[in-house]
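Nothing in this text is a laboratory measurement; each read-out follows from the coordinates by a stated rule. What you are looking at is a predicted structure, and each value in this text was computed from that prediction instead of being measured. Positions of Cβ are generated from backbone atoms using ideal geometry, with glycine treated the same way; all protein chains shown enter the neighbour counts.
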Amino acid sequence: MRWNSLAIRVNGPRAWDTRLTIDWNFTDLKEEIRLSLANGVLTQTHAHDGNPADLTLTLTKPQLLHTVTAQSLDGVQADGDRRAFATLIGLLDDVDRDFDIVTP
């Protein structure tokens with residue numbers, strides 16, 4: 001699973017001084033992913049790097065889609081500092097629905 005669609009929305013200058021890690025444990029995919037935010041950049045690595053995460057979320061892929069679009073952890077098992085999720089969501093720029101993918 002790739003997180004590029006989230007990573008490109010991070011407002012780098014606003015996020016520059018923020019450091020956080022969120023582990024995402026997907027029960028249906030049997031996959032664990034760590035998202036780390038540092039120096040205005042969101043990166044994806046494996047969850048088990050030996051360091052504790054600020055927040056660990058246990059969910060399914062359908063729950064992920066709801067969690068990110070609703071910007072809410074309702075119905076998701078969350079262990080740790082829930083503010084890490086709110087901080088990450090707060091540092092994302094809104095999607096520009098009028099963005100021209102192809103121009104004549």
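Within segment 12-98, report the trypsin sites (Lys or Arg not before Pro) that DSSP leaves as loop and that have at most 16 other Cβ atoms within 10 Å.
Numbers: sites: 14, 19, 30, 34, 82, 83, 97; in loops: 19, 30, 82, 97.
Passing sites in segment 12-98 are 19, 30, 82, 97.
For the chain, what is the relative contact order in percent, using Cα pairs closer than 8 Å and at least 6 residues apart in sequence? Don't skip to the end; give the middle numbers.
Values: 157 pairs, mean separation 28.1, N = 104.
27 percent.
Under a point-charge model restricted to the Cβ atoms of Lys and Arg (+1) and Asp and Glu (-1), what is the dipole moment magnitude of segment 1-60 relative to its Cα centre, in debye to the nearest 20? Before the final figure, lay out each step's value.
Values: 6 positive and 7 negative charges, 52 e Å.
Around 240 debye, computed over segment 1-60.
Compute the signed sum of charges (Lys and Arg +1, Asp and Glu -1) over the other residues within less than 10 Å, Cβ to Cβ, of residue 61. Provide the component values of the computation, followed by the final result.
Working: positive: none; negative: 28, 31.
That works out to -2.
If the elastic network links every pair of Cα atoms under 10 Å, which of 50, 12, 40 fluctuates the most in the Gaussian network model of the chain?
50
What fraction, in whole percent, of alpha-carbon pairs in the chain exceed 19 Å separation? Intermediate results must be reported in sequence, preceding the final value.
Values: 2322 of 5356 pairs.
Percent of Cα pairs beyond 19 Å in the chain: 43.
Tell me, what is the percent relative contact order of segment 1-60, built from C-alpha pairs under 8 Å that lie six or more residues apart?
Numbers: 108 pairs, mean separation 22.2, N = 60.
Relative contact order here is 37 percent.
Mind listing P(r) for segment 9-63? All alpha-carbon pairs, 5 Å bins, whole percents.
5, 20, 26, 21, 16, 10, 3, 0
Would you mind telling me which residue in 39, 25, 51 has the biggest mean-square fluctuation in a Gaussian network model of the chain, where springs connect alpha carbons within a distance under 10 angstrom?
Per the Cα network of the chain with a 10 Å cutoff, 51 tops the list.
With charges only on Cβ, +1 for K and R and -1 for D and E, what is the dipole size of the chain about its Cα centre, in debye, rounded to 20? Present the calculation step by step, with values, prior to reporting the outcome.
Working: 10 positive and 15 negative charges, 15 e Å.
The calculated dipole for the chain is roughly 80 debye.
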